[in-house]
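Take a look at the structure set out below.
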Amino acid sequence: MAITCLRVQAIALVVLISRLAPASAQVPRPAPGVARPGCRDRCGNISIPYPFGISAGCYRDDGIQLQGFELVCDDTRSPPRLSISGYDHQLTGLSLAAGEATAYHNATRACYNTSGGLVDRTDGTMSLGTSPYLFSSAKNRLVSLGCPNFGFFVDMEGYYVGGCMSMCKPSRMPSTGVGCCESEISAGLNFFEPHQINYTGGPGGDAAFSSNSTTCRYVFLVETAWYGPRFNDVASLNRTGDFAVPVVLDWAVRNVGNCSAAERNMTDYACRSANSKCINSTNGAGYRCNCSKGYEGNPYLDGGCRDINECEHPDQYPCFGVCTNKPGGYHCQCRPGASGDAYRQNGCRDKDKFTLALKVVTGTQIIILSKRWRILVSIHVLLALPGAPEEEADQNEAENLPYKFKQQDVLDLEEGSTYTFSM
């Protein structure tokens, strides 16, 4: 039988799948500055980001009526004590992203003798004046502790704002949920003046009020998350001493009503970084600034928001392939030779599977090759049909491939045989 052969020039690149060697270690970038250049950025272990600051020129100054970004650090104490200038409220934390500050104030306490007479009282009034701070209505509660005790508070004009009544059941009865009460507060509050009323049950005495009373009763404004697990036992109910509690303050730039008004005066506009955005205050007038998505740092400083390299934080920005950082985000794709969704674990699947079955005729010797490889392959094949001129493979295309060629062969394939490359 006559045999007609096709001359096939095949340039095949075969690269076994292997793990790439790790790149050389990169020196991490220094954290973006939080304070103005040359300004103190800490008081003890508390970070002080601009617009807050300790000395002149280091804080945002909106005039005497809106003072509050100026802070005071008392280094004579251990640890150093940070407070709001002009108010002396102790601060234990400041957040740019949340627009919050955490302050401490004393609980109001009233203690009585066995006949119900007041013998001692401490006051926990707290004023924020015209500062940038307001009491957070979302994260604080008014709490009345002790029995019987009607705890409430009034505003600067002396009008009732809110309160609740705490009672104690007789000791023989379960006391869960009794002995204290809590009440939500409204938004926009900058003044807290607490009061208490001691109920004795009238001239004859009422067992509902007097059967199980506590010596001292308290009323205070407190961070809800802090308060919850701390006042649910008998020891807390029967305390007699003073104590301080944390309260969350919402702060904002309040010299204008909102972002729209602020953006009309770019000279005074607080959001200085190019990659920042303005957010209207949700508690009172004013606005805040945050870095745009994909950026971090201090939006109140020129150039303060810097790109986040998401590829360095796979716990926050998942990528199960090849991660590429880009301004304001990142791109994740499956490694070469695989396809799918690289943002999901096990989302990539190998696509380069093939079976190579070749009958190679070289002179009179026949060699059978049959092997299954899981490999990455790039193949450039040129067919020269009978009677047609033989052409060379496109070397330019080969040179542009990502790997060097391992093998270059000229194969004579027998007509009528089946040669299968399956991917």
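The values are calculated or read from the model by the stated rules, or taken from the named source; none is laboratory data. Keep in mind that what you see is a predicted model, and the values were worked out from it rather than measured. A quick note on method: Cβ atoms are made from the backbone with ideal geometry, for glycine too, and the neighbour counts reach across all protein chains shown. Surface areas here come from the heavy atoms of the whole protein model, side chains and all, with no ligands, DNA or RNA. Shrake-Rupley method; radii C 1.70, N 1.55, O 1.52, S 1.80 Å.
A few remarks follow.
- Residues that are closer than 21 Å to Arg239 by Cα and among the hydroxyl-bearing types (Ser, Thr, Tyr), drawn from segment 134-166: Ser144, Ser166
- Top-ranked residue of segment 233-260 - restricted to ones that are surrounded by 15 or more Cβ atoms within 10 Å (Cβ to Cβ) and modelled with pLDDT under 90, ranked as nearest to Asn113 (Cα to Cα): Arg239
- Wholly enclosed helices (runs of 4 or more DSSP H) of segment 218-304 bearing at least 1 residues under 30 Å from Thr122 (Cα atoms) and free of Cβ contacts under 8 Å to residues at least 12 places away in the same chain: 234-237
- Among (1) at positive phi; (2) open to solvent by 30 Å² or more (accessible area, probe 1.4 Å); (3) at pLDDT 85 or above - the single one Gly205 does not satisfy: (3)
- Considered as a group, the residues in segment 45-84 that are touching a Pro at 6+ places or on another chain (Cβ under 8 Å) and part of a loop (DSSP other than H, G, I, E, B) include one that is surrounded by the fewest Cβ atoms within 10 Å (Cβ to Cβ), and that residue is Asn45.
- A count restricted to segment 325-348 and to residues that are within 20 Å of Glu312 (Cα to Cα) and outside any loop (DSSP other than H, G, I, E, B) stands at 7.
- Residue, nearest to Leu249 (Cα to Cα), within segment 85-127, restricted to residues that are of a type in the set (Val, Ile, Thr) and assigned to a strand (DSSP E or B): Thr102
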